[in-house]
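Working notes for the structure below.
Laboratory data are not the source of any read-out in this text; all were calculated from the coordinates shown. Quick caveat, the model's predicted, so the values are computed rather than measured.
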């Protein structure tokens, strides 16, 4: 049974988000939290340092690392791709989950601030994510990179791993995705079957977001919708999805296709939780349970390579 906090969050999401889901996308309203996230989201623990890193190609990251006693010296680089339907969000809006995963994996974390639609439609986000992964591989040649993301960022994480395999880059060590949006054609049965039970979305709202990002491109292009991609060669994958959300079947079908392609997959399904519930790390005990599951998953994979030396970036400390 879901916690009382999860039930309360579901009610708040229905009131604050789902009741607007049938309306046209309001970019200004959606992006307001990106530019001015709540203080509790921006809060940085005393043992964490966050710096803005700019690659030579102009890609921007929030880099998260532990400092002082107990500082991270592990082998893992977490590469996080935020959700937001490809049209809003940033590493700052997802700071709590990035910090929590960095601590759990005892490693550095990089949250990519990729370009957003409609100013930069598909494939801009895919290109940024791929170039960022190439940069991270060059910056940390001895590290094991875990790619993670939520919703649109979850689909982007899968697409990035597929692209890395296609061009011959070292594959990531693992993939983690919270409620990944993997089918921008919106063909999953849960899109309609869970239209009432989902606390966040209605089908038409998801379709509008897909159209905004695709700008006329094929929704079944595997770079946009990795459920249609060749998934052979991907690393072990840990997926999370709520049984009540509209995007449930995106995760289910991705897991099925990945297993068919020979990929090791764990799919965590929970009842009565909202879309991307693990990102609500300061609100939900179920989110903290998810981070524990991620720690167990990554530990089981034996990611034990030493940290790499870092060069070539332009750091700027964030106040």
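For the reader, a short list of remarks on this structure follows.
- For the pair segment 254-278 and segment 76-127, the centres of their Cα atoms are 20 angstrom apart.
- Shape category assigned to segment 185-254 from the gyration tensor of Cα positions, a/c cut at 1.5: oblate
- For segment 167-310: rounded, prolate or oblate by the Cα gyration tensor [a/c cutoff 1.5]: oblate
- GNM on the chain, alpha-carbon springs under 10 angstrom: the most fluctuating residue among 52, 119, 266 is 119.
- For segment 134-173, the extents of the C-alpha atoms along the principal axes are 29, 19, 15 Å, listed from largest to smallest.
- Sequence-separation-based contact order of the chain, relative, with Cα cut under 8 Å and 6+ spacing, percent: 23
- Inverting the pair-averaged 1/r between distinct Cα atoms of segment 80-143 gives 12.7 Å as its Kirkwood hydrodynamic radius.
- With 0.36 nm allotted per residue and the present C-alpha distance subtracted, the residue 12-residue 197 stretch has 65.2 nm of extension available.
- Computed over segment 4-317, the quotient of the alpha carbon radius of gyration and 2.2 N^0.38 Å is 0.92.
- The chain: most fluctuating residue of 173, 287, 215 per GNM, C-alpha cutoff 10 Å: 215
- Relative pair counts by distance (%), Cα atoms of segment 220-305, 5 Å bins: 3, 13, 20, 21, 20, 15, 7, 1
- Per residue of the chain, the DSSP helices (runs of n ≥ 4 H) give a summed -39500 (n - 2.57) that works out to -11000 deg cm²/dmol at 222 nm.
- GNM top mover of 288, 223, 19 - the chain, alpha-carbon springs below 10 Å: 19
- Net length gained if the chain between residue 57 and residue 296 were fully extended (0.36 nm per residue, minus Cα distance): 82.5 nm
- Stretching residue 40 away from residue 215 to a fully extended chain increases their span by 59.5 nm, per 0.36 nm per residue minus the current alpha-carbon distance.
- Prolate/oblate/rounded label for segment 56-201 (Cα gyration tensor, a/c 1.5): prolate
- Here segment 4-317 carries DSSP beta bridges of which approximately 40% are antiparallel, counting only pairs with both residues inside.
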